[in-house]
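The values are calculated or read from the model by the stated rules, or taken from the named source; none is laboratory data. What you see is a predicted model; the values in this text were computed from it and never measured. Cβ placement follows ideal geometry from the backbone for every residue including glycine, while neighbour counts extend to all protein chains displayed. These area figures cover heavy atoms from the full protein model, side chains too; ligands, DNA and RNA do not enter into them. Shrake-Rupley method; radii C 1.70, N 1.55, O 1.52, S 1.80 Å.
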Amino acid sequence: LPGIATNDGPYCVGETISLNVTAQNGATYSWTGPNGFTSTMQNPIIPNCTFEMGGTYTCVTTVGEQTTTGDTEVIVYALPIASFTHTEVCVGNPTQLNSTAETEPTGQTITGYFWDFGDGETAEGQEVTHTYAAPGEYQVTHTVETGRGHCSDEITQTVSFFAFPEALVTASPSSVMYGGTSTLSVNVSTPGNFTYHWEPANMVTDPNSQTTQTVPLIESQTYT
């Protein structure tokens with residue numbers, strides 16, 4: 001009878017290859033394959049497969065002086081490793097998301113890029129943009145595939161979408177005599193962590209502080 005050889009692939013790198021051949025009473029079996037593989041088992045297994053283990057495996061079944069040969073093609077797909085970068089923007093601007101996914105081994109083809117933006121919206125593509133309706137922190141999940149979906153990996157990162165800060169600037173006092181100084185301060189009603197900068201920078205003691213002092217003034221000055 002024909003020695004019909006099969007496998008239960010395709011496989012992802014790191015999975016276990018399972019080879020099978022039709023059983024024959026009183027038979028012996030001799031398998032050969034890529035990467036110097038040999039086995040005398042009827043149904044050998046190869047744990048922790050590598051990309052190089054893909055290819056044609058041949059089993060010679062012998063009963064007495066008769067032999068029959070069966071071939072099976074083993075497909076091993078590279079393992080995708082998901083990663084991405086993103087921009088942090090304010091309300092009304094699109095967030096740019098770029099997949100930086102790779103494969104193991106490197107240089108193989110990723111066949112699918114999928115995005116879940118954490119607000120009920122999804123998209124496909126290596127580079128996408130998305131505009132959120134409201135400020136906040138969103139859990140974005142990026143999934144990549146090889147082998148047309150047979151092997152996949154995903155990663156979830158927090159993407160921040162900011163509201164514009166609402167600032168109130170005060171000067172105390174707002175009027176000074178010639179050569180006097182004033183204390184400038186800014187209060188931000190929007191929650192968050194902020195940086196500050198005053199202009200003209202040379203007319204205050206610390207242009208990058210939330211509260212700063214003017215230099216002695218000899219004329220009226222507008223501060224931003």
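List of remarks:
- The single condition from (1) touching a residue at least 12 places away in the same chain (Cβ under 8 Å); (2) open to solvent by 60 Å² or more (accessible area, probe 1.4 Å); (3) farther than 29 Å from Phe114 by Cα that Asn93 fails is (3).
- Here the condition is being touching a residue at least 60 places away in the same chain (Cβ under 8 Å) and open to solvent by 30 Å² or more (accessible area, probe 1.4 Å); of Asn48, Asn43, Asn35, Asn7, it holds for Asn7 alone.
- Residue satisfying condition, being assigned to a strand (DSSP E or B) and touching a Gly at 6+ places or on another chain (Cβ under 7 Å), within set Thr103, Thr61: Thr61
- For Glu15: the one exception among (1) outside any helix (DSSP H, G or I); (2) at negative phi; (3) surrounded by fewer than 15 Cβ atoms within 10 Å (Cβ to Cβ): (3)
- Test: residue in segment 41-49 that is farther than 30 Å from Thr158 by Cβ, outside any loop (DSSP other than H, G, I, E, B) and at pLDDT 95 or above: yes
- Within segment 78-90, considering residues that are over 13 Å from Asp153 (Cα atoms) and surrounded by 14 or more Cβ atoms within 10 Å (Cβ to Cβ), the one modelled with the lowest pLDDT: Val89
- Selection count, segment 51-77, where residues are open to solvent by less than 60 Å² (accessible area, probe 1.4 Å) and either closer than 30 Å to Thr131 by Cα or of a type in the set (Gly, Ala, Ser) (or both): 3
- Restricting the search to strands (runs of 3 or more DSSP E) fully inside segment 106-206 and requiring at least 1 residues that are in contact (Cβ under 8 Å) with a residue 24 or more places away in the chain and surrounded by 15 or more Cβ atoms within 10 Å (Cβ to Cβ) gives 112-116, 127-130, 136-146, 151-162, 183-188.
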